[in-house]
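The values are calculated or read from the model by the stated rules, or taken from the named source; none is laboratory data. None of the values given here were measured: they were computed from a predicted structure. Here the Cβ positions follow ideal geometry from the backbone for every residue, glycine too, while neighbour counts run over all protein chains shown. We work out accessible area using only protein heavy atoms, side chains counted, and drop any ligands, DNA or RNA first. Shrake-Rupley method; radii C 1.70, N 1.55, O 1.52, S 1.80 Å.
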Amino acid sequence: MEILIMAGQLILGLSILVGLHEWGHMAAAKLFGMRVEKYFIGFPPKIFSFQKGETEYGIGAIPLGGFVKISGMIDESMDTETMSQEPQPWEFRSKPAWQRLIVMLGGIIVNVIVGIIIFIAIAYHEGNQFLSIDEVNRYGIVAGELAQEIGLKTGDKVIRINGKPFKDSDDLISTDLFLGSNSSYTVLRNGQEVQIDIPNNFIEKLSDPDEKRNFIYPLQPFKVAEVIPGMPAAKSGLQAGDKIVALNGKPIQFFHEIQEQLSTLANKQASVVVERDGVRKTLDMKVSEDGTLGFYPEILLNFTTIQYTLGEAMAIGTENAFKVVYNNIKGFGKIFRGEVSASKALSGPIGIARMFGGVWDWGRFWKLTGLLSMVLAFMNALPIPALDGGHAVILSYEIISGRKPSDKFLENAQKVGMVLLLGLMAFAIFNDVWKAFF
């Protein structure tokens, strides 16, 4: 079921973004009087389609892309027979270069606009919830397995990042920190300051969302917020408001402690000591097969929440959207400098699906869809033949020089670009499979 949910979110997100991207091309083409023959979400074989006016609209069976076919344009269809005929006034090739350039940039522009709108909506709806430095360091941090590899320890108190005081809990695992070079934490441990250097290639180890989520986070005192009906906790009499203080004789103060112990007790009996109204009670229960008791915790830390006005959300959302592009550029820089291997940094459809997760969470869905919209715009803007950016470079050359490249050159450039893209897609999918099983 989790795999189906991951796949469903991926398909829905990509269908929205690809559909809007191709609509951007189509809308610009129709605006300038070009004939659009086909508009498809997904690649062939065709599932269904209908004709409206001059355009066939349809859905393809392979949901990892889409396309528009504009008359007189050299594209992935490689329709050289039509291109050998006399140009018609409604064809792409008959229009001025500046109009053709706008058509090629239409998809990128729409994806950028969609990404910005999503990030603005998220900022306005959710605001910003975070822990202050004092709350982060009230008890210190939990150091996950990867954090321990670089020298962090549970209980450390982070006092500086890259030698400077940080603002809040979001800075602990910010993308800027891991995409930068020579980054470091300064922590307070047993009354002494210790500098923990972050390897320049460390981000490739955080490509798995679970690894990044569990890297470091504040120690979290807790109590029971809600008990799930039918689960072991409910059957044993655990109640909302209870504070779990021991499990099988071992003291419990923080939420990660009970998680770690329960992970080793699947399908086994557990003795849970709770504090209720100042009185301690012992509850016996059988841990579920997935190593849980069946309750939601209330984290006893003081979160700060900032709600934004629409104007503030527009500014912050736009900044966050373009930060995605900036981070992608920094990420490619790390690959080109050899600090990160491409196989660890790049993800294909399987890797993206895992980012969505096995539980349908609309908040996470829209955050990832907004991120993917900006990534799609960035990737399509790369000056690679067969991508929008490659077409844009050729058209810019035509506008500046006044000379149009030959159809033969455009056909060969398209072929080279298609080979590169298919090779990159094959590499990404193979890389996903390799990372998932090895």
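Observations, loosely collected:
- Residue in the stretch 165-177 that is within 30 Å of residue 392 (Cβ to Cβ), open to solvent by 20 Å² or more (accessible area, probe 1.4 Å) and not basic (Lys, Arg) present: yes
- Screening the candidates 371, 376 for the property of being closer than 19 Å to residue 102 by Cβ, touching a helix residue (DSSP H, G or I) at 6+ places or on another chain (Cβ under 6 Å) and among the hydrophobic types (A, V, I, L, M, F, W, C) yields one hit, 376.
- Filter result for residue 244 (farther than 24 Å from residue 163 by Cβ and part of a strand (DSSP E or B)): yes
- The set of residues in the stretch 67-91 that are buried (at least 22 other Cβ atoms within 10 Å of the Cβ) and modelled with pLDDT of 90 or more comprises 68, 70.
- Conditions (1) part of a helix (DSSP H, G or I); (2) in contact (Cβ under 8 Å) with a residue 40 or more places away in the chain: number failed by residue 125: (2)
- For the stretch 92-130, the set of residues classified as among the aromatic types (Phe, Trp, Tyr), open to solvent by 40 Å² or more (accessible area, probe 1.4 Å) and over 28 Å from the mean Cα position of the chain (by Cα) consists of 98 only.
- One residue from 136, 114, 103, 110 being modelled with pLDDT of 95 or more and either within 30 Å of residue 155 (Cβ to Cβ) or in contact with a strand residue (DSSP E or B) (Cβ under 8 Å, 6 or more places away or on another chain) (or both): 103
- Any helices (runs of 4 or more DSSP H) falling wholly within the stretch 137-220 and containing at least 1 residues that are more than 22 Å from residue 330 (Cβ to Cβ) and without any contact (Cβ under 8 Å) to a residue 24 or more places away in the chain: 145-149, 209-213
- Candidates 136, 158: the one that is farther than 27 Å from residue 339 by Cβ, of a type in the set (Val, Ile, Thr), surrounded by 16 or more Cβ atoms within 10 Å (Cβ to Cβ) and over 18 Å from the mean Cα position of the chain (by Cα) is 136.
- Of the residues screened, residue 261 is not one that is modelled with pLDDT of 95 or more, surrounded by 12 or more Cβ atoms within 10 Å (Cβ to Cβ) and closer than 23 Å to residue 223 by Cβ.
- Listed conditions (1) in contact with a helix residue (DSSP H, G or I) (Cβ under 7 Å, 6 or more places away or on another chain); (2) assigned to a strand (DSSP E or B) are all met by residue 23, apart from (2).
- Verdict on residue 295 being surrounded by 17 or more Cβ atoms within 10 Å (Cβ to Cβ), among the hydrophobic types (A, V, I, L, M, F, W, C) and on the phi < 0 side of the Ramachandran plot: yes
- Failed item, numbered, when residue 230 is tested on (1) under 23 Å from residue 159 (Cα atoms); (2) loosely packed, with under 15 Cβ neighbours inside 10 Å: (1)
- For residue 333, the conditions (1) surrounded by fewer than 16 Cβ atoms within 10 Å (Cβ to Cβ); (2) modelled with pLDDT of 90 or more; (3) small (Gly, Ala, Ser); (4) under 22 Å from the mean Cα position of the chain (by Cα) are fulfilled apart from (2).
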